[in-house]
Amino acid sequence: MSKLKSIIKLCLYEFKIEIHSKRVLLGYLVGIVMILKQSAGYLLYSNEIGLSVNVLEPFIIAGNNYNTVMFLVLGWLLVISEAPFVNSNSTFLMYRTQRTTWNYAMILYIMVQGIFYYAITAVSSIVISVFNGYFANIWSPAIIKLSSGGNKVNALEVYFPYPQFMRQESVFSAFIITWSLCLLYGIVLALVLYVFNLFTNQIVGAVAAFLFHFLGYELMKEGYMVIIKYSLLARSVPVLLIGSELDATLPQSYVLFALLIVILIFISGRIVKYVDFKEISRGEE
C-alpha cells in the first residue's frame, strides 16, 4: 500500500510540474485544433444541407480520418516528448524512493495524461456541436447522407463512406471504440518514446516514436489490405476493423495494444535499473 501511495504522489508531483509547461499546452492546442478543423467541416456540411447532427459524430468522423489521426498523435507526442521527465527536483526525489517505484509513477503519469489529452480533444468536438446537434444513441440524417455519398460540398473535404460500420455499431459504441483505440495507440507510442529516452536521449526517443508513427501511417495510407493490418495506426482506426476487408478484428487489436503496453512496461522496468539519471537530466529547476 505504501508503494502505491508513493507512485500516486510522484505522479501528482509530475502533473504539478508539467501543468505549467508551454510544451504541454502547445501539444493540447495542436490536438484540439486538429479535431476542431475536421469537426468544423462536418458542421458546415450539415448546415449546408440543413440537417442537425449527433454531438458525438464529429469526433467519430475525425477519429476515423487518416490525416486527422496522424496529426492528433503529433500533438500527443509533443505533450510527453520530455519523458522520462527527469530534472534537478525529480532527481532529488528519486534518491528517496526506489527506481521501480519512480518508473511506475512516470508510466502512470503518461497513461493519465493520455486520458486527459484524448478526453479534452473529444469534448472540444462535442462543445462546438451543441448549437446544431442533439445527444442520443442514433445516427443523424446528416451522417447517413454523408455515408451514402451525399457530400456535394467538396471544398469542405468531409467524407465518411462507411455505411457498413454504421449499420454494425451504434453512435455510443462507435464513439467509445474510436476514443479507446486512439488512447491505446497513443499510450503505446508514448511508451516507445519513454523506453528509448531511458537509455538514449530525448531527440533519439522522439525520432524513434515519430518514425514508428509515420511508418504506420504510410502502411495505412498506401499499403494493400494484406499489409495494412501490420500498421498499429491502422488498428487504431475502427472503420478499418469493422465492416471492412481488413484481416484484423477489433478484439485482436485490443489484445495487441494491451500486450504491447505490458511488454513496454516490463522493458522499462528492466532498463530503469541501469539508467544514469544525472546523464539524462534536463537540468531544470
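Carbon-plus-sulfur accessible fraction, the range 1-90 (probe radius 1.4 Å, protein heavy atoms only): 69%. Compared with the direct C-alpha span, the chain from Tyr13 to Phe116 gains 35.5 nm at full extension, assuming 0.36 nm per residue. A 1.4 Å probe run over the range 1-76, with the rest of the protein chains in place, finds 46 Å² accessible per residue.
Given a Förster distance of 25 Å, report the FRET efficiency between Phe135 and Leu29 from their Cβ-Cβ distance, rounded to the nearest 0.05. That gives a FRET efficiency of 0.45. What the Cβ-Cβ distance of Gln164 and Ile265 gives, at R0 = 45 Å and to the nearest 0.05, is a FRET efficiency of 0.80. Measuring r between the beta carbons of Phe214 and Ile49 and using R0 = 45 Å, the FRET efficiency lands at 0.80.
The values are calculated or read from the model by the stated rules, or taken from the named source; none is laboratory data. Just so you know, these numbers come straight off a predicted model, no measurement behind them. Positions of Cβ are generated from backbone atoms using ideal geometry, with glycine treated the same way; all protein chains shown enter the neighbour counts. We work out accessible area using only protein heavy atoms, side chains counted, and drop any ligands, DNA or RNA first. Shrake-Rupley method; radii C 1.70, N 1.55, O 1.52, S 1.80 Å.
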